[in-house]
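The values are calculated or read from the model by the stated rules, or taken from the named source; none is laboratory data. Quantities reported herein were computed from a predicted structural model and do not represent experimental measurements. FYI the Cβ positions are ideal-geometry reconstructions off the backbone, even for glycines, and counts take in every protein chain you see.
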């Protein structure tokens, strides 16, 4: 069953790609006033057809493997004289070979260009409908050197750091920059923490003395504070206890 689904998906994808490709040839040929004898959706035996106002046969064929565009050429008229009898003088005049070189080149390039534009369109839709993953700093471990302001305050592994001294932090660089701005501080740093299963911010005050005194300590400011952290994808699942690590 799975194999059939893969085969069907492949045929649909191939059909769409080839159809768009051939439509590119068709629409530019029409713009250049080249007579198109047939534009077929699918290959093989024709199961439905009709003529449009330009005398082009729009056909639906049995096999869903793309399609094709049949343009009138001088060579075709030469090899199949009976074709001439089916065409008007204007259509015979507007063969592919009668067009300037730049128009013929445009018709040939139009197919690949149509596929290129299709890929841009598809990826744009995917991009616009894919949420931008937000990475947030999350406490990984808590060191014993942390000094808290009161006994009812605590830090747990898994706590998300949402602010430092009321300044919101959303990424690793925000966290580090804000802590680096406090270098040399002796006093309390107020961490706003979003805790699993709690829908409000918990404030935890950590005491520091001569914070980040050396260049080495400034490379890992949160570790010097007394804890380590990791980056974690932002999700809407904090309330039900599900977390995804990046």
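Has segment 43-56 got at least one residue that is farther than 30 Å from residue 85 by Cβ and either out of contact with any strand residue (DSSP E or B) (no Cβ under 6 Å at 6 or more places or on another chain) or surrounded by 12 or more Cβ atoms within 10 Å (Cβ to Cβ) (or both)? Walk me through how you get there before you give the answer.
Applying the first criterion (farther than 30 Å from residue 85 by Cβ) to segment 43-56 yields none.
No: zero hits.
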So if I check each of 112, 100, which one is over 15 Å from residue 202 (Cα atoms), more than 35 Å from the chain's Cα centre (by Cα) and modelled with pLDDT of 85 or more? 100
Tell me, which residue of segment 192-215 that is at pLDDT below 85 and loosely packed, with under 12 Cβ neighbours inside 10 Å is nearest to residue 163 (Cα to Cα)? 200
Tell me whether segment 204-217 contains one or more residues that are within 13 Å of residue 138 (Cα to Cα) and assigned by TED's automatic domain parsing to the domain that holds residue 146. no
Being in contact with a strand residue (DSSP E or B) (Cβ under 6 Å, 6 or more places away or on another chain) and either loosely packed, with under 14 Cβ neighbours inside 10 Å or at pLDDT below 85 (or both) narrows 189, 155 down to just 155
Within segment 19-44, the residues that are part of a helix (DSSP H, G or I) and touching a helix residue (DSSP H, G or I) at 6+ places or on another chain (Cβ under 9 Å) are 20, 21, 22, 23, 24, 25, 26, 27, 28, 29, 31
Quick one: which residue in 179, 175 is in the same structural domain as residue 143 (by TED's automatic domain parsing), crowded, with 16+ Cβ neighbours inside 10 Å and within 18 Å of residue 147 (Cα to Cα)? 179
I need the full set of residues from segment 118-150 which are in contact (Cβ under 8 Å) with a residue 40 or more places away in the chain and under 18 Å from residue 18 (Cα atoms), in order please. 118
Looking at the structure I just gave you, is residue 79 at pLDDT below 85 and over 30 Å from residue 177 (Cα atoms)? yes
